Amino acid sequence: MLEKLRSIIQEVNGARDLTATLNIIVRRVQQAMGTKVCSVYLLDKNIGRYVLMATKGLDQIAVGRVSLAPGEGLVGLVSQRAEPVNLDKARSHPRYFYLPETREEEFDSFLGVPVIHHGQVLGVLVVQQIDSRVFDPEDEAFLITLSAQLAGIIANAEARGAVEGFSPSGLHAADPSFNGVPGAPGVAIGVAMAVFPPADLRAIPPRPCKDIKAEIIFFNECLNAVRLDISELKNKIKGQLRPEERELFDAYLHMLSDNALGTEVVNLIKKDNWAQGALAEIALMHVDALEQIGDDYLRERATDIKDLCSRVLFYLQQKQKGSTSYPDRCILVSEELSAAMLAEVPKEKLIAVVSARGSAHAHVAILARAMGLPAVMGVGDLPFAELDGKQLIVDGYNGKVFSNPSPELRERYQEIVREEVLLTSELETIKDLPCETLDGHRVQLWVNTGLLTDVLRSRERGAEGIGLFRTEVPFMLREQFPTESEQAEIYRQQLEAFHPKMVTMRTLDIGGDKPLPYFPIKEDNPFLGWRGIRVSMDHPELFLGQVRAMMRASEGLNNLQILLPMISNVKEIDTSIMLIRRAHRELFEEGHAVKLPPIGVMIEVPAMAYQVDAIVKRADFVSVGSNDLTQYMLAVDRNNSRVSNLFSNLHPAVLRVMQKIATDVRAAGKSLSICGEMAGNPAAAVLLMAMGFEILSMNATNLLKVKSVIRNLTMVQAQELLAKALEQEDTESVKALIDEELHNAGVDKLLRSSRTS
Ligand code: PEP
Ligand code: MG
């Protein structure tokens, strides 16, 4: 059973398009189950009907022509119930609906299972038999399991068709859209550029090449480089190899020779394909063919081809790096965006980002927000390779991406862009005014930064300090750890740009979803593993180098404060302070006249919310990391789009813990700030101010919105709202309450996150 399933899935995975996918499914299922008929019906949302898309056993004439409304016939019954229907006398069932084009009159037994993807019925998979019998439980289990596994593949094939402007049944689809989750606000209209992780053959989009001759020469250079690597490797370990292993190396070298894979790739380049695309196509053609044979030896060879071609691809990508030409009004689309991908695009060209994975709380979304780029995250079925070069609209408010938009849709979005420009210029007028309530309560609005670009944007928006400089961002953009001097230079830029205002530098917070390419951390539960201060405690040399660089950079400026991430016990605070003091002493002895900066602790692990007394004895200030605090309080992976609807800073338990932290820190007389994204949500910012937070540190994009809301309320109103919010039992009622109260106060205009619906 497992073997049958695996082999069907493997064959389906290699299919070119939706039609090929469905034809493989009906043929293989009919064979595997030994039924007379297997058919698949898919919902075409354009016409709101389930269309017969492929069949083995019914009349082929009916394919694409026969369709049923939801709820119509037995297929409709399966879709309506979203569960299997297994009948021995289908024709006498009250919902039976005869479709003459299919000539199905002779089939009595019927088993239909829904194809469900992300909670939606995409279609129905049906098997039929002539004799009147109920399919046995094993048949049912087999079809259900298969359908569950096929759903994602079908959804993906549908999405690829949609990019070309077609609905599942081949009709012209108006403004195909892909749904994800809102990552960063704003809308953008531009051209997609697919980017992919290095050496991933399946991710390479087809593209034409600029100069065919030059591309062939370039490909051959890279092929030779890999051949050389393999020969060298073979020579190096010659003595340790058995004869059959030596043969394997020879086989590799043969595969890479001109008259094998190389020639096939060159022939494809000659047909105007870029080398990466041609290599990927040839490699995958062989890999898929070998994998389908179902023989262990050949499956191993498929792995060899994949490995060798990935090596060639790596060379092609390394050597082409830097020469990539990004379109104007570039929208980056990728399976999983990284900070490095964002940073590689010239700033003036990048207007939005789209990622198939991740959620609004992933670091790359936070970075997009800081850079003022609309972002859509977690677009599960995003056919990003197919989107390459296409016109796109990115709607960061509603988490939607449209490909090949119609002129009407374009005009609608252009109007929103115009509105946004207007709103921004209205907000600009308050940039130099204090963030003060109507009854004179003052809060400070600081910014979170990662790159120098953020710093410049932040200053323009009137930020009063940097509440969080994520030092890992510049680390993520490099190919090795920056030296102490290189770090000092980066830090100095931030400190100088904001001087004399304070700059809070957080020590390296890697791990979780922030890996460094040159320091891989592979763990089953990275968010509960080796991250933040835990890495620093195990690598004091990295920590010392970093804090030395920070203090050196602050010489003569004295506007630095140091923040410690992911603290989960007091020993980590004590050791960090001891190391910072040691670094300070060393610098002093080396002749640097630096002041010992204030040291702060982040509360982002729930346990620490209950040890504020111990923290304030040691630290000069406290900053709450509400992103991680929420993630850990609610046990919701901040990066997982499947559960992103469960992640909320406005959950009553999160609000209560924040209130507790605020009360305890304020009682100790220490400075209290928040540097999680919660601070940048104007509604939440009002509550935080009422709790007693003195500094709200956020992305530069939202700073003026927050200021505008706070300037239009009194502290008394904010405190009344907070008192009511703390009494609510769920997130929805907290949100409803805030909406109502802020609407009554006349400040809801800036809270609307959705302007298109
Ligand atoms: C946080 O967790 O709230 C925070 C500010 O840190 P980061 O988002 O970088 O993990
Ligand atoms: Mg954090």
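The values are calculated or read from the model by the stated rules, or taken from the named source; none is laboratory data. Computed from a predicted model, the values in this text were never measured in an experiment. Counting neighbours? That spans all protein chains shown, and the Cβs are built from the backbone with ideal geometry, glycine included. What goes into the accessible areas is simple: the full protein's heavy atoms, side chains included, and nothing from ligands, DNA or RNA. Shrake-Rupley method; radii C 1.70, N 1.55, O 1.52, S 1.80 Å.
Below is a table of values for the structure above.
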{"read-out": "Test: residue in segment 475-486 that is modelled with pLDDT of 90 or more, away from ligand 2 (no atom under 16 Å from the Cβ) and within 29 Å of the chain's Cα centre (by Cα)", "value": "yes"}
{"read-out": "Residue in segment 490-498 that is of a type in the set (S, T, Y), at pLDDT 95 or above and within 15 Å of ligand 2 (Cβ to nearest atom) present", "value": "no"}
{"read-out": "Positions within segment 605-617 being more than 16 Å from ligand 1 (Cβ to nearest atom) and open to solvent by 30 Å² or more (accessible area, probe 1.4 Å), in sequence order", "value": "Y610, Q611, D613, K617"}
{"read-out": "Test result for V622, within 16 Å of ligand 2 (Cβ to nearest atom) and touching a Gly at 6+ places or on another chain (Cβ under 7 Å)", "value": "yes"}
{"read-out": "Close pairs from segment 362-373: first touching a residue at least 12 places away in the same chain (Cβ under 8 Å), partner hydroxyl-bearing (S, T, Y) and surrounded by fewer than 24 Cβ atoms within 10 Å (Cβ to Cβ), Cβ under 7 Å, at least 6 apart", "value": "V364/S338; M371/T453"}
{"read-out": "Test for V421: is it within 16 Å of ligand 1 (Cβ to nearest atom), modelled with pLDDT under 95 and either of a type in the set (A, V, I, L, M) or assigned by TED's automatic domain parsing to the domain that holds H363 (or both)", "value": "no"}
{"read-out": "Segment 618-662, residues that are basic (K, R) and either surrounded by fewer than 18 Cβ atoms within 10 Å (Cβ to Cβ) or more than 15 Å from ligand 1 (Cβ to nearest atom) (or both)", "value": "R618, R642, R656, K660"}
{"read-out": "Some residue of segment 447-470 being at pLDDT 95 or above, over 26 Å from the mean Cα position of the chain (by Cα) and surrounded by fewer than 21 Cβ atoms within 10 Å (Cβ to Cβ)", "value": "yes"}
{"read-out": "Flag for V654 being within 16 Å of ligand 2 (Cβ to nearest atom), within 25 Å of L721 (Cα to Cα) and modelled with pLDDT of 95 or more", "value": "yes"}
{"read-out": "So T55, is it on the phi < 0 side of the Ramachandran plot and touching a Gly at 6+ places or on another chain (Cβ under 9 Å)", "value": "no"}
{"read-out": "Some residue of segment 525-541 being surrounded by fewer than 22 Cβ atoms within 10 Å (Cβ to Cβ), more than 16 Å from ligand 1 (Cβ to nearest atom), of a type in the set (K, R) and free of Cβ contacts under 8 Å to residues at least 40 places away in the same chain", "value": "no"}
{"read-out": "Inter-residue pairs, beta-carbon under 8 Å, first in the same structural domain as V654 (by TED's automatic domain parsing) and in segment 624-639, second charged (D, E, K, R) and outside any loop (DSSP other than H, G, I, E, B), 6+ apart", "value": "S626/E677; N627/E677; R638/D628"}
{"read-out": "Among residues of segment 513-523, those that are without any contact (Cβ under 8 Å) to a residue 24 or more places away in the chain and either within 10 Å of ligand 1 (Cβ to nearest atom) or in contact with a Phe, Trp or Tyr (Cβ under 7 Å, 6 or more places away or on another chain) (or both), counted", "value": "2"}
{"read-out": "Whichever residue in segment 150-187 is open to solvent by 30 Å² or more (accessible area, probe 1.4 Å) and in contact with a Lys or Arg (Cβ under 8 Å, 6 or more places away or on another chain) and, among such residues, is modelled with the lowest pLDDT", "value": "S177"}
{"read-out": "Verdict on M33 being in contact (Cβ under 8 Å) with a residue 40 or more places away in the chain and within 27 Å of H172 (Cα to Cα)", "value": "no"}
{"read-out": "Condition check for I573: open to solvent by 10 Å² or more (accessible area, probe 1.4 Å) and more than 14 Å from ligand 2 (Cβ to nearest atom)", "value": "no"}
{"read-out": "Helices (runs of 4 or more DSSP H) contained in segment 194-283 and holding at least 3 residues modelled with pLDDT of 80 or more, out of contact with any strand residue (DSSP E or B) (no Cβ under 8 Å at 6 or more places or on another chain) and of a type in the set (D, E)", "value": "212-236"}
{"read-out": "Qualifying position, being small (G, A, S), at pLDDT 90 or above, surrounded by fewer than 21 Cβ atoms within 10 Å (Cβ to Cβ) and within 27 Å of I130 (Cβ to Cβ), among A54, A32", "value": "A32"}
{"read-out": "Conditions (1) within 14 Å of S39 (Cβ to Cβ); (2) out of contact with any Pro (no Cβ under 7 Å at 6 or more places or on another chain): number failed by D139", "value": "(1)"}
{"read-out": "Residue match in segment 673-684 (condition: modelled with pLDDT under 95, open to solvent by 10 Å² or more (accessible area, probe 1.4 Å), of a type outside the set (F, W, Y) and touching a Gly at 6+ places or on another chain (Cβ under 7 Å))", "value": "no"}
{"read-out": "Hits in segment 488-529 (condition: of a type in the set (A, V, I, L, M, F, W, C), outside any strand (DSSP E or B) and farther than 26 Å from P598 by Cα)", "value": "I521, F527, L528"}
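Yes/no per residue for (1) within 16 Å of ligand 1 (Cβ to nearest atom); (2) among the β-branched types (V, I, T); (3) free of Cβ contacts under 8 Å to residues at least 60 places away in the same chain:
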position	(1), (2), (3)
D664	no, no, yes
G669	no, no, yes
G692	no, no, yes
N699	yes, no, no
N702	yes, no, no
L713	no, no, no
L726	no, no, no
D730	no, no, no
V734	no, yes, no
